[in-house]
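Down below is the structure, laid out as C-alpha cells.
The values are calculated or read from the model by the stated rules, or taken from the named source; none is laboratory data. Worth saying up front: this structure is predicted, and the values here are computed from it rather than measured. We place every Cβ from the backbone using ideal geometry, glycine too, and count neighbours over all the protein chains shown.
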C-alpha cells in the first residue's frame with residue numbers, strides 16, 4: 001500500500017524533482033507555523049497569559065479561521081511529502097510520534113469543544129475553569145512535541 | 001568572511017554545540033515556535049491593516065496588543081539564530097538564502113517599528129483618512145510578503 005503510494009506519478013515527481021520537495025516543505029513550514037501561532041494564541045488566553053482583556057470567545061473566533069485554513073494547507077503539503085517517501089516516513093520513529101500527537105491534539109480539541117466550552121458563557125470574560133486550562137496545557141505541550149518530532153524526522 | 005567562519009567553527013563553543021546530536025534540532029524547534037508567534041501576530045495585524053478582516057479591534061489596538069509579543073518572539077529568534085550560526089558558521093553565513101533572509105529581517109523590523117510608532121500616536125490612526133488607509137494597506141502587504149519571504153529563505157538555506 002505504502003509502496004504503491006510511493007510509485008504514483010505525482011509522488012515520483014515530488015521525489016525526483018530538484019525543487020518540488022523544498023517548495024512543498026517551505027509551504028508546509030509556513031502553514032504549520034501559522035497553525036501553532038493561532039493555537040498558542042487561544043491556549044495562552046485560556047491560561048490567562050495573553051489577551052487577558054478580551055473575551056475567550058472573541059480570541060477563539062479570531063484565531064480559529066487562521067488555524068483551520070493553515071492546517072488544511074499544512075495537511076495537503078505534508079501529505080504530498082509523505083507520498084514521495086511513504087515507506088521510509090512510515091518507519092521513521094519521530095514521524096510516528098508526530099502522528100500520535102496530532103491524533104491526541106485532535107481528541108483534546110474535540111473534548112474541549114463538546115464538553116468544556118459548553119459553559120463558556122459563565123467564564124468568557126474571566127478566568128477559565130481548571131478543565132479549560134488543562135486543555136490549553138495539553139494542547140501547547142502536544143504542539144511543541146509535534147514541531148520537535150517533525151524537525152527530528154530529518155535528523156534520524 | 002570565510003576566515004571568520006573557520007575561526008568561529010574552531011572555537012570551543014562551536015565544537016561543543018556541533019558535538020551534541022540533539023542541539024541543532026532542539027534549537028531549530030525553539031526557532032520555529034518563535035516564528036509561529038511572529039507570523040500569527042503580524043499576520044493578524046497585517047490582515048486588519050488590509051481590511052481583509054473587518055471585525056475585531058482597530059489596527060492600532062491590535063498593534064499595541066500584538067507587537068510587544070512580536071518583539072519577545074524576535075528576541076528568542078535572534079538568540080536561537082545566533083546559536084545555530086555558532087554551531088554551523090559556514091552553512092549559514094556563506095549561504096545566499098541566509099543573507100537574503102537577514103536583509104528581509106532588518107527591513108521587517110524597521111517596518112514593524114514604523115507601524116508600532118504610528119499606532120501609538122492617536123486612536124483611529126489607520127482609518128483617519130484615505131491616505132492613511134492606503135499607507136496601512138501598503139505596510140500590511142509589505143509585511144506579509146516579508147514574512148513569507150523570510151520563512152521561505154530560511155527553509156531554503158538547506159537547499160542552496
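For this structure, a couple of remarks:
- Hey, residue B:70 assigned to a helix (DSSP H, G or I), farther than 23 Å from residue A:154 by Cβ, modelled with pLDDT of 95 or more and within 13 Å of chain A (Cβ to nearest Cβ) or not: yes
- Filtered residue count, the range B:108-131, keeping only those that are farther than 21 Å from residue A:37 by Cβ and surrounded by fewer than 15 Cβ atoms within 10 Å (Cβ to Cβ): 13
- Odd one out for residue B:39 among (1) part of a helix (DSSP H, G or I); (2) more than 28 Å from residue A:45 (Cβ to Cβ); (3) within 12 Å of chain A (Cβ to nearest Cβ): (2)
- For residue B:135, the stated conditions do not hold, so it cannot be described as closer than 16 Å to residue B:46 by Cβ, under 17 Å from the mean Cα position of the chain (by Cα) and assigned to a helix (DSSP H, G or I).
- Flag set for residue A:110, criterion: away from chain B (no Cβ under 14 Å) and either modelled with pLDDT of 95 or more or in contact with a strand residue (DSSP E or B) (Cβ under 7 Å, 6 or more places away or on another chain) (or both).
- Verdict on residue B:52 being more than 14 Å from every other protein chain (Cβ to nearest Cβ), without any contact (Cβ under 8 Å) to a residue 40 or more places away in the chain and either closer than 18 Å to residue B:134 by Cα or in a loop (DSSP other than H, G, I, E, B) (or both): no
- The set of residues in the range A:97-126 being out of contact with any helix residue (DSSP H, G or I) (no Cβ under 8 Å at 6 or more places or on another chain) and assigned to a helix (DSSP H, G or I) consists of A:99, A:100, A:103, A:106, A:107, A:110, A:113, A:114, A:118, A:119, A:121, A:122.
- Count of the range B:21-32 residues, restricted to those that are surrounded by 12 or more Cβ atoms within 10 Å (Cβ to Cβ) and either without any contact (Cβ under 8 Å) to a residue 12 or more places away in the chain or more than 14 Å from chain A (Cβ to nearest Cβ) (or both), is 4.
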